[in-house]
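Participant: Mind looking over this structure? Questions follow.
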Amino acid sequence: MVLENLVLQENKKVFLLCNEAIVRGALEADVKVVAFYPGAPASEILDTFSEAAGSFDYRMEISTNEKVALEVCAGASFAGLRSLTAMKSVGTNVAADTLFTLGYTGVQGGLVMIIADDPHAHSSQTEQDGRFFAPASYIPMLEPATPQEAKDMTKKAFEISEKFRVPVIIRTVTRVNHQSGVVQLDRMERKPFARVKWVDVKQRFYTLGEIARQNKLKMLERTAALRAEFEQSNFNVVTEVGADVGIVTSSVSYLYVLEALKMLNQVSKVNLLKIGTSYPLPEKTVASFIQKLKKVIVVEELSPFLEKEVYVIAKKVKPDLEIFGKLSGVFSEAWEYNPNIVAKALASVLSLPSPQFEEFIDEARKLRTIIPDRFPTFCAGCPHRATFVALNQAFRIQKAKGKSHFFASDIGCYSMWVFPPIAEPDSSLCMGASVGLANGLSYSIEERPVAVVGDSTFYHAAIPAIIDAVHNGNKFTLIILDNSVTAMTGQQPNPSTTNLAAGKLGKQVSIESICRAIGLEFVETVDSYDVKNNVDVFSRALEFDGVAAVISRRECALYHDRNKRRKGEPIVPLRVDKEVCKRPYTCMRTFYCPAYELDEDRQPRISQELCDGCSVCAELCPLGSVKRKEAGP
Amino acid sequence: MSYNVFLCGVGGQGLVLLTSVIGSACAKSGLKAVTGEMYGLSQRSGSVFVHLRIGDDAYSPLIPYGSADVLLSLESIEALRYLEFLKKSGIILLNDRIVHPPIETSKLVTDRTANYVAIEEIVARLQSWPANIALIKALDLAKQAGNALTENSVFLGCLSAIKAFPVEENAIVESIVEAVPKKTVEQNLSAFKLGKKAAFDGLCKNVECRE
């Protein structure tokens, strides 16, 4: 359904997720090269481009990390082609080295970079505010609030990028990326893909020393020109009703402000400035807005990014302006907002009775005391669960020998080890950090460091730290969970298989070969489901005098089962034989599979809808009570 | 005025497609619609929800507390988790199915006096909000329609039974036909009709309904 909407030629209205609207905007702008590393809440941009690839002639890759993805786009841009990348908030940290330098070198073909922040850390390790990348790198930034605006801004961003020869950041937040709405499409006019001759478009893209110093001056001029351009931009919307109170806002907070004004019966009673071009900020627009006011309220999530700018501008043009926001204490820098939070803050500044919503929350909280939490967990059939069971047993064996460990987890589905009822790791930082930490820990603690990474994380950021370990003679255990896909973000392909984006085939890059080439002397590959064998392998890896790598391999269960269904192969679930089961609950205590529940006799029962027939629990049951089919009803 | 539907369930129940069917029906009918969707990390058997808002002055992708006209819950426990979004005397379309999370089961294993939360307790608490509840045996109805996977069409039927729900039935039906695999169209439409009747029967005493 989405694909049909995306390929439409005419100016129709369709219902799109913001991430899909971004893709449509890029397609309308005739984007030619796209590259991504997946990450929530931006992953659907990659997925949509992958799905639509058959209908268009752009070049696409899923890169090994965000830095490579940005460099792929920069390469295309240097050649004059339009390119786009999208990454989650923390992915920008990985790409930042390239980003900052592109600020100096500039680009040729339009280069658009989506930074998808995640206030509230819904699916991220931090709430980092990516807006600061823009002033830090002197790269312009637009902030959409709706799917329509996201499409329009993406399209416009390519023009800005080419006019000023600079990458353009489009900064979103989860509530924008994962917002759907009705979008008015524009006409799609695309030219056929054609390579260019470098000699025809040749320019200089380097920066160092004296050249960097000259580039810096150009960059400052460019920023001033962009600021002037943005003074005229339609993405900044001023609504003046002659009030002496005004609101400055951006992104999804703008939508919360509109909703809050409705709740407070204040529609058209305060002035509004909605900022779409957040960097460089159109200072004259802001100055002329605040000059007419006695009070201004700045509404933005996370850091006081706009608010501090308003202070600076007010000092010049309206020193007695009362400014309300995070610095005055009416808003918090923590967590995302919603219409109620914004309404309460606006009411306090406008001296209006605050709309009561706490009682709704309190009353609902009292009523829900009977329900359990529902944390995300490993799916039925997930190979990580089996690896985890074996690893825990190996840890127990070590403990009996008086040996303990530091367990460094990493980013991927296996991050869910931190949620109850499975809570084990000592640390989990960011992509690939577990291996870097293990190096430091091997200098610092008496116990054995154990680092875990997934396949995608291994390629993304773990390899330099493994080289570091071998070169420096550090000692730890490295467990590489290879489930063939980047599972957490929606089963995108990565170099652990031959699969590429858009169903194309490439070359597999062997994890074992990389480990051996680096010089690891202990590299063993196991089947994640083979728990009994794996306890032994992990035990040896924990005692090995050096870096020991165990590659625990088995396809992601969701991915595997989906492929099975597509091919029409049956998924045969297991059952508990009630006659045999004596309720030792070994399954529940060690395996925590979501397909398990207790029946009315408090005997384990396996949900026939959820079980994917992986059989690992059958192996673990000491009584042999878990069986296929033949067991009773 | 906007019409607000809060949809929730457990990861894997098809909330995204359900939302997309309603949204497309809105786009066809010239209605403005906006959603705030939460999935991703929560996909793995976690709790999932969608805020769906229809109307010209629906701006925020999140429904303000106490402002949802309908709470549509594909799983019973989840309805209680998000009750603060529902209006007093609002409508709850409640699937009578419970999916017990592993954390609840493991509690039963360690504490042999503990019990699973029962659907009767959940319904009683929801009623005290107060709310008008239609308890929908969606899986039974879906099976009756010939395909156990048509539960979501049952719920689209339920929504269409509510007179105040602003999307035309024809537009919803058209969107279902476009969204589901061709060979399941009839089963889905039959599930839609069964859902509509079930919601009518459950709600018509207290809520204005369409037959």
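The values are calculated or read from the model by the stated rules, or taken from the named source; none is laboratory data. On a predicted model such as this, the values are computed, not experimentally measured, just so you know. Don't worry about glycine lacking a Cβ; one is built from the backbone with ideal geometry, like all the others, and counts go over all protein chains shown.
Participant: Is it the case, given these coordinates, that A:A347 is in contact (Cβ under 8 Å) with a residue 24 or more places away in the chain, in contact with a Leu (Cβ under 7 Å, 6 or more places away or on another chain), in a helix (DSSP H, G or I) and surrounded by fewer than 20 Cβ atoms within 10 Å (Cβ to Cβ)?
Facilitator: yes
Participant: Next up: Quick one: which residue in A:M188, A:M153, A:M219 is in the same structural domain as A:S55 (by TED's automatic domain parsing), of a type outside the set (D, E, K, R) and within 27 Å of the chain's Cα centre (by Cα)?
Facilitator: That would be A:M153, the only listed residue that is in the same structural domain as A:S55 (by TED's automatic domain parsing), of a type outside the set (D, E, K, R) and within 27 Å of the chain's Cα centre (by Cα).
Participant: Go through the range B:45-97 and count every residue that is among the polar types (S, T, N, Q), at pLDDT 95 or above and closer than 24 Å to A:E336 by Cα.
Facilitator: So the answer is 2.
Participant: Restricting to the range B:127-143, name every residue that is within 12 Å of chain A (Cβ to nearest Cβ) and free of Cβ contacts under 8 Å to residues at least 40 places away in the same chain.
Facilitator: Hits for the range B:127-143 are B:Q127, B:S128.
Participant: Is it true that A:F205 is aromatic (F, W, Y), crowded, with 22+ Cβ neighbours inside 10 Å and more than 14 Å from chain B (Cβ to nearest Cβ)?
Facilitator: When the stated conditions are applied, A:F205 does not pass them.
Participant: If you don't mind, there's one more thing I want to ask. If A:F360 satisfies all but one of (1) farther than 19 Å from A:V173 by Cα; (2) part of a loop (DSSP other than H, G, I, E, B), what's the number of the condition it fails?
Facilitator: (2)
Participant: Identify all residues within the range B:100-126 that are facing chain A (nearest Cβ under 10 Å) and among the polar types (S, T, N, Q); write none if there are none.
Facilitator: B:T105, B:S106, B:T110, B:N115
Participant: So, restricting to strands (runs of 3 or more DSSP E) that lie completely within the range A:107-203, which ones have at least 1 residues that are under 24 Å from A:A40 (Cα atoms), modelled with pLDDT of 95 or more and of a type in the set (S, T, Y)?
Facilitator: Strands (runs of 3 or more DSSP E) meeting the threshold: A:168-173, A:179-184.
Participant: Something else: Return the residues of the range A:385-442 that are surrounded by 22 or more Cβ atoms within 10 Å (Cβ to Cβ), free of Cβ contacts under 8 Å to residues at least 60 places away in the same chain and among the charged types (D, E, K, R); say none if nothing qualifies.
Facilitator: A:D410
Participant: Follow-up question, since we're still on this one. Here is a check on your reading of the model: is A:A487 among the small types (G, A, S) and closer than 18 Å to A:F407 by Cα?
Facilitator: no
Participant: I need the full set of residues from the range B:10-33 which are more than 8 Å from chain A (Cβ to nearest Cβ) and of a type in the set (D, E, K, R), in order please.
Facilitator: If the condition is that a residue be more than 8 Å from chain A (Cβ to nearest Cβ) and of a type in the set (D, E, K, R), then B:K28 is the only one that fits.
Participant: Six or more apart or on different chains, Cβ atoms under 6 Å: show the pairs whose first residue is in the range A:16-28 and farther than 13 Å from A:F158 by Cα and among the aromatic types (F, W, Y) and whose second is surrounded by fewer than 24 Cβ atoms within 10 Å (Cβ to Cβ) and modelled with pLDDT under 95.
Facilitator: none
Participant: Then there is this: Does the range B:41-89 hold any residues that are β-branched (V, I, T) and either within 7 Å of another protein chain (Cβ to nearest Cβ) or not in a strand (DSSP E or B) (or both), and which are they?
Facilitator: B:I63, B:I77, listed by residue number.
Participant: Another one. Take the conditions in a helix (DSSP H, G or I), surrounded by fewer than 17 Cβ atoms within 10 Å (Cβ to Cβ) and either free of Cβ contacts under 8 Å to residues at least 40 places away in the same chain or among the charged types (D, E, K, R) (or both) and apply them to A:K216. Does it pass?
Facilitator: yes
Participant: In the range A:239-252, what residues are surrounded by 14 or more Cβ atoms within 10 Å (Cβ to Cβ) and away from chain B (no Cβ under 14 Å)?
Facilitator: A:E240, A:A243, A:V245, A:G246, A:V248, A:S250
Participant: Here is a follow-up. Might you check whether a residue that is β-branched (V, I, T) and buried (at least 23 other Cβ atoms within 10 Å of the Cβ) occurs anywhere in the range A:178-185?
Facilitator: Yes: the range A:178-185 contains one or more residues that are β-branched (V, I, T) and buried (at least 23 other Cβ atoms within 10 Å of the Cβ).
Participant: Which of the residues belonging to the range A:14-40 are hydrophobic (A, V, I, L, M, F, W, C), in a helix (DSSP H, G or I) and more than 29 Å from A:I411 (Cα to Cα)?
Facilitator: Within the range A:14-40, A:A26, A:L27 qualify.
Participant: Ok, one more. Does A:A487 satisfy being of a type in the set (A, V, I, L, M) and touching a residue at least 60 places away in the same chain (Cβ under 8 Å)?
Facilitator: Spelling it out, A:A487 is indeed of a type in the set (A, V, I, L, M) and touching a residue at least 60 places away in the same chain (Cβ under 8 Å).
Participant: Starting from residues that are in a helix (DSSP H, G or I) and of a type in the set (S, T, Y), keep the ones in the range B:20-40 and report whichever is farthest from A:L255 (Cα to Cα).
Facilitator: Within the range B:20-40, the match that is farthest from A:L255 (Cα to Cα) is B:S29.
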